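What follows is one structure encoded as structure tokens, with my remarks underneath.
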């Protein structure tokens, strides 16, 4: 079956994020993504945070200052929520993942050494939690497929669907394709393609060399495009 994936996936299948600016492709992804509720899962862009200020709040939090904990949460909740939404593609799970990220981080503040942005450190904690969430989701999917309760691949909403529905389907298809990637490739794809992180920042987030991040993102791009074509998405 030929699936119309809308301009987002057409651009991707054609290799658009190679030829067009990354901002063009990423902006299209955000345009079709349903806006999350007003909470920690807000996907609005978060500005860079001052490293010295973050260190100050962390030092105060370590001394038991509850206001400092609140400041850390308020300063970084949207950044973390945006990252986890892009990584998981699961709006229903994002708020819980964000809360768990901060609870875990507050228990481990003594491990933050101040050599990277606090937001990067927090996203690293969230990344591990999201990886566990995605692994559980894949196990559930395999169980459903084993009992014949899941489709082998996403299906089209039909020609009569309006533009918004088709674009929403395009996003669902993208994340279904991402679900087929190894965790490390998915994380590199999200960091480099969706978040547009500089290589050095993505390297710090993922804890691997710059060259490894670049390689994983490239392999992920190739595999996602291949998967979409297998599903009959026409460029």
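The values are calculated or read from the model by the stated rules, or taken from the named source; none is laboratory data. The model shown is predicted, which means the values in this text are computed figures rather than measured ones. Ideal geometry is used to build each Cβ from the backbone, glycine not excepted, and the neighbour counts take in all protein chains shown.
Of the residues in the range 92-107, none is surrounded by fewer than 22 Cβ atoms within 10 Å (Cβ to Cβ), touching a residue at least 40 places away in the same chain (Cβ under 8 Å) and not in a helix (DSSP H, G or I). Checked against (1) more than 21 Å from residue 134 (Cα to Cα); (2) touching a strand residue (DSSP E or B) at 6+ places or on another chain (Cβ under 9 Å), residue 173 passes all but a single condition, namely (1).
For the range 108-118, filtered to residues that are surrounded by 15 or more Cβ atoms within 10 Å (Cβ to Cβ) and not in a helix (DSSP H, G or I), the residue that is modelled with the highest pLDDT is 112.
Just to confirm my filter: which helices (runs of 4 or more DSSP H) fall fully inside the range 119-235 and include at least 2 residues that are modelled with pLDDT of 90 or more and surrounded by fewer than 16 Cβ atoms within 10 Å (Cβ to Cβ)?
Details: elements: 163-178, 183-189, 199-206, 210-230.
So the answer is 199-206, 210-230.
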